[in-house]
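The values are calculated or read from the model by the stated rules, or taken from the named source; none is laboratory data. Model, not experiment: these values are computed from the prediction. Heads up, the Cβs are rebuilt from the backbone with ideal geometry, glycines too, and the neighbour counts pull from every protein chain shown.
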C-alpha cells in the first residue's frame, strides 16, 4: 500500500543522502566532525529501523512495523535538529559566499605597481575579501573566501591560472571563479578588473 511504498522510497533516498553526507563529513574536524558522526550514526540507525519496519509490515506484523517506524520518526526529529545545527550554525554543506554583498561601482583596492606577477594578493572590496592575480598583461580577481568551508584562497597555491584552497584542495579558475576540482561545488564570486590612475579597481560581477 501507500505507506509501504513511501518507506521504500524513503530508504532509496537515504542512500543518496548518506553518500553526500559522508562526503561533507570527511572534510570536517574537531567538534563539527563529532557532531557530524553522531548525526550520521543516528541516521544509519533510523534507516535500519525503517528496514525492520518494512519487513514486519510485509510479513503481516503491521502493528509492530508501525511501532518501529514511529520510533524511527521520533529519532529522526533529533537527527534533523543536529543536521540543522550543522547547516545553519556551522555553515556545513552551504555556499560560504552566497550572501556576500559587493559594490555596483568600481572600488580602488591597491596601487597597480604593488601587484607582483604570479603572486596571490588579498584585497578588500567594500568589505568583501578578494584575491587578485596578475598574469602577463591580464589581472584577475575572485572572492578570497572558499565557497566550500571558508578557507583563505590567498594562502593557497596557484598553477596555470588555477588557485587551490589550502584547507581541502578545492580548485578555482582565477579567470571566472569556476570550479575546476572539488570538494567545492559552488563557484567563487568573480570581479571585473580595471586599472585607472595607477590604481587597480574591482567591481563584483553578477553570477550567471
What number of residues in the stretch 156-181 are over 20 Å from residue 202 (Cα atoms) and surrounded by fewer than 16 Cβ atoms within 10 Å (Cβ to Cβ)?
-> 6
Mind listing whichever residues of the stretch 133-147 are closer than 20 Å to residue 181 by Cα and in contact (Cβ under 8 Å) with a residue 40 or more places away in the chain?
-> 133, 140, 141, 142, 143, 145, 146, 147
Yes/no for residue 126 being touching a strand residue (DSSP E or B) at 6+ places or on another chain (Cβ under 7 Å), surrounded by fewer than 16 Cβ atoms within 10 Å (Cβ to Cβ), over 30 Å from residue 2 (Cα atoms) and at pLDDT below 95 = yes
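Taking the condition part of a helix (DSSP H, G or I), at pLDDT below 95 and either within 19 Å of residue 88 (Cβ to Cβ) or in contact with a strand residue (DSSP E or B) (Cβ under 9 Å, 6 or more places away or on another chain) (or both), does residue 38 pass?
Against the criterion (part of a helix (DSSP H, G or I), at pLDDT below 95 and either within 19 Å of residue 88 (Cβ to Cβ) or in contact with a strand residue (DSSP E or B) (Cβ under 9 Å, 6 or more places away or on another chain) (or both)), residue 38 qualifies.
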State whether the residues of the stretch 65-73 include one that is at pLDDT 90 or above, under 26 Å from residue 91 (Cα atoms) and not assigned by TED's automatic domain parsing to the domain that holds residue 148.
-> yes
Pick from the stretch 15-35 the residues that are crowded, with 17+ Cβ neighbours inside 10 Å and more than 15 Å from residue 168 (Cβ to Cβ): which of them is modelled with the highest pLDDT?
-> 35
